[in-house]
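Okay, structure first, notes after.
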Amino acid sequence: MALWKISVKRKVNKVGLRLEEGMFVELVAPTPTNPLAQSKYIPQIRQLFESKYGIDPEQYANTGYMESEKLS
């Protein structure tokens with residue numbers, strides 16, 4: 001298992017959604033590769049943002065708007 005930090009790298013401001021640079025969640029996943037590049041982890045990442053910030057990043061949960069860092 002690996003611990004990943006998923007961070008917003010580009011600001012998004014649209015009706016009903018505001019993502020600020022630096023917002024992040026932590027994801028535990030059994031993968032050695034970037035979970036943002038694997039579609040099976042996107043729903044879990046969206047849920048983590050919903051739980052922590054009360055927002056669903058919708059189509060912005062991707063490598064264009066977010067970055068991942070393996071913590072352990």
**Item:** region 2-15: number of residues that are within 11 Å of K70 (Cα to Cα) and out of contact with any Lys or Arg (no Cβ under 9 Å at 6 or more places or on another chain)
**Value:** 1
**Request:** For residues that are assigned to a helix (DSSP H, G or I) and either closer than 14 Å to V8 by Cβ or not basic (K, R) (or both), tally how many sit in region 21-56.
**Result:** 17
**Message:** Considering only residues that are under 15 Å from K70 (Cβ atoms), surrounded by fewer than 16 Cβ atoms within 10 Å (Cβ to Cβ) and not small (G, A, S), which ones fall in region 35-47?
**Reply:** Q38
**Prompt:** Mind checking which residues of region 62-72 are surrounded by 13 or more Cβ atoms within 10 Å (Cβ to Cβ) and either among the charged types (D, E, K, R) or in contact (Cβ under 8 Å) with a residue 40 or more places away in the chain (or both)?
**Reply:** Y65, M66, E67, S68, K70
**Request:** With respect to V12, determine if the residue is buried (at least 16 other Cβ atoms within 10 Å of the Cβ) and either in contact with a Phe, Trp or Tyr (Cβ under 6 Å, 6 or more places away or on another chain) or modelled with pLDDT under 95 (or both).
**Result:** yes
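The values are calculated or read from the model by the stated rules, or taken from the named source; none is laboratory data. Only a predicted model underlies this, so the values are computations on that prediction, with no experimental measurement involved. Note: ideal-geometry Cβ built from the backbone for every residue, glycine included; neighbour counts use all protein chains shown.
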